[in-house]
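Accompanying notes for the structure given below.
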């Protein structure tokens, strides 16, 4: 009864929730009967829709009951050919998975959902990312935070002991609150930064895959692949899931990612049909049947145990850490000297208490008073350490990098490796591809020549010659043509060049690809590769059993293989030197018009050569007959000329490296602005890859800077150029989209892969993915790289100005036996919290024209340049003079008490930093106000800082140890702070040496 029910249900779409009632032994029997069941299904489906032969039951489905995931995994994972044959081969497995080997799965929503429910989805669970708590623990381990906690503890204990719990907790408790606030900001910032990197990682892993569903070839996300899918894979693709070789031509597969073996493995239909997720196709093209997805694949099981480390430290962060450490050592040395001086002054009786009495009086001094004095002296020394360490820098740099990565993503540049964010600012040379990067990658056949004559009316072509052209286009291709229903729009798939030729052949020559494929049998295929720049196919005609070889590729390379040609009438003629020269001139003419020239050639294998296998395994490559030439137009992208000019004005050389011939390359390069119109073919600006390759090392090093265009280049030539440029001291960025570009992408300082046309191997080898394949996005990435470096330098200048001033002020105050004007709490407000707000202000800045008017950032120059040292010392000196004036004469000048004087010092210092933010907008230019009105966030942060300062001074008197100020006092503070602007203008008039400032210390 169960079997009858199964047969009846098969006349419709599978019904969900039909129970699996076959026992294990009967599953094999059911598997053997599966073809019969499918045949019964086809016959039953002819029943009228309005007279169903069954009643739909809401019971569990028995779909895929003849095979389970364990068996599928065992077949592929263990490469068990015997088990595969026991199941009946690949086609029987396909039938068991309800897959049509030619048309794929049905692909309906219900079908996909059912397969995901039974076999799982093509995703795997990564180990959990670091939690917010772990980032908080990491923040607590910071040395400065530990010092602050120590200082807070000492202050809390001393305050409670001296003033009681009610008022004694203010200083220490406030420091604890400030530390918690700093830890919170740091933790949340690092947590969000980590989440951003995780998000970018997921986006980069979401690759597109070609599948056949319901007879239609389409692109879907790798995460949407299900068991039973027919996937089309070709050279340079990543295998998206475990599966079996279904149809096509033998593949060469790089399995080093799973096995560690560097040798390529041949995958075919007979001896080794097993394909593993994560491996790369090195050569060939085929269709595969997916048998396992997600965690059931070999790659998924391995990746499930691997955690991605997203905490890469950039070179700039490493240099910043070193700088912070050096400044911290200076602070420790100063603090130690201050501690020694303070202790000597105390024990020698040179210090007085609040009442003017000598603090230390030998044995008459109480132990409690001595301990209190020691705590106060140590706290003052610790304060100096806190002053010196620019701890806010690391947090601020993280904010700037995270913000820049997010904005670069919005500008179509996805950063895969964090150091690339800043290295882009140092790039001196960009080696770019042509197709799709400088051009739109929207190719269209605009010219066709037979022999020596251009053809306008295709109806004049002879039937025999037209048939050969159609065969060359339909059979010698990795693309396909699909029409869903009669009258619907045609869909072309494949590379842009393949799609252009197929659309031309179908729409202009009335080619029917499916009929042509049915008239012949494919014997051997030589896939296109960037070395030979051609592809070929041999086929046997079913009509007369003759064997033909078709070649297609770069026109001058195909022409070199030909000894005859067809003229416009369809007659075959021998090709002498004069006629060859005329055809070469036609090719050059097309190239000079910015057309990519593709040639078709053909030869029929004589019958006597059939038996010795000519045309079966090795395609004949000489004495061919040239069929014709097509010219393909690929227009330049709008705005690319402006982007090239911007790069050149910024001191960045742009070199075009292309596989096209020299004439096409020169025409496109001139149109894009890479070449000037007067730079002819005879100049050293244009060179072919083979010529460059054959130079001696000395010649390459001499000529590499002069070369602007490399034509007919191979990936090896691109790698060679990158190596030469690096040896010459250039910082090189390279674009690439193919598997063979991977060595050059890895060799360059910045590898830029293409998000649309780029292969997975290229993307994995790159640092940044250009999502829209547009050179303008490359130039935008250059701007952001410079902007990041510029923002960080501005922040360093701003922070160190305050650190230097506060360090000197506190040290002198302690040594001169006065109270330190900057307590720990005040320093936390000025140094850490204020600088976090400054970081947000500077991070929000958009790349301006200024950054592209400066030379590239040298990777060898000091992090703090001489210009920055001049600005830091000039502003710090002014702030020190103001603070000392208020410290020593403030009470008499303003007729106020000591507490108001200390408040004036704090208020003036904070406002000096606020006004100095405007000075920091331009490191070198005197006009710091240009474009300032456009940055709303800048004004917002300035306003927030001032409001917070008003709150600290006017409302947090006890916590911050401040006193309310009058309007006149606020005006005086504003006036003194505003003088930072003219001081900054005067300082920038002082010339500086090119020799790094710190190098003088080596004398």
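The values are calculated or read from the model by the stated rules, or taken from the named source; none is laboratory data. Note that the structure is a prediction, hence the values are computed from the model and not measured. Here Cβ is always computed from backbone atoms with ideal geometry, including for glycine, and neighbour counts include all displayed protein chains.
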Could you say whether any residue in the stretch 892-911 is assigned by TED's automatic domain parsing to the domain that holds residue 791, outside any helix (DSSP H, G or I), free of Cβ contacts under 8 Å to residues at least 40 places away in the same chain and within 30 Å of residue 652 (Cα to Cα)?
no
Give the residues of the stretch 624-654 that are modelled with pLDDT of 90 or more and under 24 Å from residue 555 (Cβ atoms), sorted by residue number.
624, 625, 626, 627, 628, 629, 630, 631, 632, 633
For residue 525, only one of the following conditions fails: (1) farther than 16 Å from residue 624 by Cβ; (2) part of a strand (DSSP E or B); (3) touching a residue at least 24 places away in the same chain (Cβ under 8 Å); (4) over 41 Å from the mean Cα position of the chain (by Cα). What is its number?
(4)
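Filter the stretch 649-690 for residues that are part of a helix (DSSP H, G or I) and surrounded by 15 or more Cβ atoms within 10 Å (Cβ to Cβ) and give the result.
662, 663, 664, 665, 666, 667, 668, 669, 670, 671, 672, 689
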Residue among 934, 926 that is touching a residue at least 40 places away in the same chain (Cβ under 8 Å), surrounded by fewer than 18 Cβ atoms within 10 Å (Cβ to Cβ) and within 18 Å of residue 794 (Cβ to Cβ)
926
Output the number of residues of the stretch 238-258 satisfying the condition of being modelled with pLDDT of 80 or more, within 29 Å of the chain's Cα centre (by Cα) and either in the same structural domain as residue 69 (by TED's automatic domain parsing) or closer than 29 Å to residue 117 by Cα (or both).
5
So, residue 181, is that one modelled with pLDDT under 80, touching a helix residue (DSSP H, G or I) at 6+ places or on another chain (Cβ under 9 Å), surrounded by 17 or more Cβ atoms within 10 Å (Cβ to Cβ) and outside the structural domain of residue 244 (by TED's automatic domain parsing) or not?
no
Kindly provide the set of residues from the stretch 418-440 that are surrounded by fewer than 24 Cβ atoms within 10 Å (Cβ to Cβ) and modelled with pLDDT under 80, ordered by number.
418, 419
May I ask you to verify whether residue 885 is more than 18 Å from residue 985 (Cβ to Cβ), out of contact with any helix residue (DSSP H, G or I) (no Cβ under 7 Å at 6 or more places or on another chain) and at pLDDT below 90?
no
Can you tell me which of (1) buried (at least 22 other Cβ atoms within 10 Å of the Cβ); (2) in contact with a helix residue (DSSP H, G or I) (Cβ under 8 Å, 6 or more places away or on another chain); (3) in contact (Cβ under 8 Å) with a residue 40 or more places away in the chain is the one residue 209 doesn't meet?
(3)
Would you pick out the residues in the stretch 425-434 that are farther than 22 Å from residue 586 by Cβ and either touching a helix residue (DSSP H, G or I) at 6+ places or on another chain (Cβ under 8 Å) or outside any loop (DSSP other than H, G, I, E, B) (or both)?
425, 426, 427, 429, 430, 431, 432
Does residue 228 qualify as being buried (at least 20 other Cβ atoms within 10 Å of the Cβ), more than 29 Å from the chain's Cα centre (by Cα) and not assigned by TED's automatic domain parsing to the domain that holds residue 756?
yes
Looking at the stretch 717-735 only, could you name the residues that are in contact (Cβ under 8 Å) with a residue 40 or more places away in the chain and in a helix (DSSP H, G or I)?
717, 718, 721, 722, 725
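Quick one: is residue 301 under 30 Å from residue 423 (Cα atoms), at pLDDT below 85 and in contact with a helix residue (DSSP H, G or I) (Cβ under 7 Å, 6 or more places away or on another chain)? Step through it out loud before you land on a result.
Working: under 30 Å from residue 423 (Cα atoms): no; at pLDDT below 85: yes; in contact with a helix residue (DSSP H, G or I) (Cβ under 7 Å, 6 or more places away or on another chain): yes.
No.
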Which one of the conditions (1) modelled with pLDDT under 85; (2) surrounded by 18 or more Cβ atoms within 10 Å (Cβ to Cβ); (3) not in a helix (DSSP H, G or I) does residue 859 fail to meet, given that it meets all the rest?
(2)
Restricting attention to the stretch 550-563, does a residue exist that is assigned to a loop (DSSP other than H, G, I, E, B) and more than 19 Å from residue 530 (Cβ to Cβ)?
no
Of all the helices (runs of 4 or more DSSP H) wholly in the stretch 773-851, which have at least 1 residues that are at pLDDT below 75 and within 24 Å of the chain's Cα centre (by Cα)?
834-843
In the stretch 729-754, residue modelled with the lowest pLDDT [restricted to those that are within 16 Å of residue 415 (Cα to Cα) and surrounded by fewer than 24 Cβ atoms within 10 Å (Cβ to Cβ)]:
746
Search result, residues across the stretch 502-516 that are surrounded by 14 or more Cβ atoms within 10 Å (Cβ to Cβ) and in a helix (DSSP H, G or I)
502, 503, 504, 505, 506, 509, 513, 516
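Residue 846: surrounded by 15 or more Cβ atoms within 10 Å (Cβ to Cβ), in the same structural domain as residue 990 (by TED's automatic domain parsing) and either in contact with a helix residue (DSSP H, G or I) (Cβ under 9 Å, 6 or more places away or on another chain) or within 23 Å of residue 795 (Cα to Cα) (or both), yes or no?
Values: surrounded by 15 or more Cβ atoms within 10 Å (Cβ to Cβ): no; in the same structural domain as residue 990 (by TED's automatic domain parsing): yes; either in contact with a helix residue (DSSP H, G or I) (Cβ under 9 Å, 6 or more places away or on another chain) or within 23 Å of residue 795 (Cα to Cα) (or both): yes.
No; evaluated as a whole, the condition is false for this residue.
For the stretch 365-372, does any single residue satisfy the condition of being buried (at least 18 other Cβ atoms within 10 Å of the Cβ) and either in contact with a helix residue (DSSP H, G or I) (Cβ under 8 Å, 6 or more places away or on another chain) or farther than 30 Å from residue 157 by Cα (or both)? Don't jump to the end; show me each part of the working.
Going residue by residue through the stretch 365-372, those that are buried (at least 18 other Cβ atoms within 10 Å of the Cβ) are none.
There is no residue in the stretch 365-372 that is buried (at least 18 other Cβ atoms within 10 Å of the Cβ) and either in contact with a helix residue (DSSP H, G or I) (Cβ under 8 Å, 6 or more places away or on another chain) or farther than 30 Å from residue 157 by Cα (or both).
Does residue 422 satisfy the criteria of being farther than 30 Å from residue 704 by Cα and either outside the structural domain of residue 803 (by TED's automatic domain parsing) or in a helix (DSSP H, G or I) (or both)? Reasoning before the result, please.
On the way: farther than 30 Å from residue 704 by Cα: no; either outside the structural domain of residue 803 (by TED's automatic domain parsing) or in a helix (DSSP H, G or I) (or both): yes.
No, not satisfied.
What number of residues within the stretch 441-457 satisfy the criterion of being surrounded by fewer than 18 Cβ atoms within 10 Å (Cβ to Cβ) and touching a helix residue (DSSP H, G or I) at 6+ places or on another chain (Cβ under 6 Å)? So that I can check it myself, show each step before the final result.
Taking the stretch 441-457 first, the residues surrounded by fewer than 18 Cβ atoms within 10 Å (Cβ to Cβ) are 442, 444, 446, 452-457.
With the extra rule that they be touching a helix residue (DSSP H, G or I) at 6+ places or on another chain (Cβ under 6 Å), the set shrinks to 444, 452.
The total comes to 2.
Could you say which residue among 398, 383, 435 is assigned by TED's automatic domain parsing to the domain that holds residue 665 and in contact (Cβ under 8 Å) with a residue 12 or more places away in the chain? Before the answer, list the steps.
Details: 398 fails: assigned by TED's automatic domain parsing to the domain that holds residue 665; 383 fails: assigned by TED's automatic domain parsing to the domain that holds residue 665.
After ruling out the rest, the residue left standing is 435.
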